[in-house]
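Trainee: Dropping the structure in here first, questions after.
The values are calculated or read from the model by the stated rules, or taken from the named source; none is laboratory data. All figures in this text were calculated on a predicted structure; none of them were measured in a lab. Cβ coordinates were reconstructed from backbone atoms using ideal geometry, including for glycine residues, and neighbour counts include every protein chain displayed. These area figures cover heavy atoms from the full protein model, side chains too; ligands, DNA and RNA do not enter into them. Shrake-Rupley method; radii C 1.70, N 1.55, O 1.52, S 1.80 Å.
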Amino acid sequence: MRRLALILLAFFIFTGCSNDKPGPRPNYNPDPKVGDKATDFLFNDMDEKPFRLSEHKGQVVVLYFWRMKCQECKDAMDSLEALNRKFKDRGLLVVTVGADTMHSAPIEDVRDFLGKHGITGVTLRDDQGFVSEAYNVLRVPKAFVIDRNGSIDTIIAGPVDWTSKDNIALMERLTKQPAPEGAGENGRVSTEAR
């Protein structure tokens, strides 16, 4: 009986401790770099609509982290919106991630700011820091430019003019890339194609 118990114990120790579970693995990367796959996330936007990054594979995504108390962040918003308007019909999606808490900037103040500056695109309020943590954002402004295949093409930390020659050239290059198979007119891969 004791021998059977030892055999069973050994069996469970060697087979039950494996992390190799079947199915898809999360792509969380604690320190994302250029060339890495962008970390997927599901988060509600400021209108409480769910947003999942991976559902926008096929589009070029600018994931821009900012705060209301960061003047450099706010200064860049007008040029970011100009970039969005110029390239959104070519497959660009701008996602602004507000890293303010309810104490540092009430949601009404954020909505007023976005409205006054005509900011379109997807707006997320990351008041718990989930998206910021997924991208290891410790300081703002910081942006991740994600190509049509879901990989990080460029990381921009600090003040930025999104309408500069270099950033326009970057968007020209990325939006000219062919969209993955199954992508529609805007470059977005349909759910039926997956």
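Trainee: Could you grab the pairs with beta carbons closer than 6 Å, sequence gap of 6+ or different chains, first residue in the range 59-85 and among the β-branched types (Val, Ile, Thr), second one open to solvent by 20 Å² or more (accessible area, probe 1.4 Å)?
Mentor: Final answer for the pair search is VAL61/LEU93.
Trainee: If GLY115 passes every condition in (1) in a helix (DSSP H, G or I); (2) open to solvent by less than 10 Å² (accessible area, probe 1.4 Å) but one, which one does it miss?
Mentor: Only one criterion is unmet by GLY115, namely (2).
Trainee: Give all pairs with beta carbons closer than 7 Å in which a residue from the range 125-143 that is basic (Lys, Arg) meets a residue that is surrounded by fewer than 21 Cβ atoms within 10 Å (Cβ to Cβ) and assigned to a loop (DSSP other than H, G, I, E, B); count only pairs at least 6 apart in sequence or on separate chains.
Mentor: Pairs found: ARG125/MET46.
Trainee: Whether any residue in the range 154-163 is part of a loop (DSSP other than H, G, I, E, B), open to solvent by 30 Å² or more (accessible area, probe 1.4 Å) and among the polar types (S, T, N, Q) is what I want to check.
Mentor: So far as the range 154-163 goes, yes, one or more of its residues are part of a loop (DSSP other than H, G, I, E, B), open to solvent by 30 Å² or more (accessible area, probe 1.4 Å) and among the polar types (S, T, N, Q).
Trainee: Still on this structure, I have one more. Anything in the range 82-111 that is open to solvent by less than 30 Å² (accessible area, probe 1.4 Å) and under 17 Å from ARG148 (Cβ atoms)? List them, or say none.
Mentor: LEU83, ASN84, PHE87, GLY91, LEU92, LEU93, VAL94, VAL95
Trainee: Filter the range 1-60 for residues that are in a helix (DSSP H, G or I), modelled with pLDDT of 50 or more and open to solvent by 70 Å² or more (accessible area, probe 1.4 Å); which is nearest to THR175 (Cα to Cα)?
Mentor: Of everything passing the filter in the range 1-60, ILE7 is nearest to THR175 (Cα to Cα).
Trainee: Yes or no: VAL94 at pLDDT 95 or above and touching a Ser or Thr at 6+ places or on another chain (Cβ under 6 Å)?
Mentor: When the stated conditions are applied, VAL94 does not pass them.
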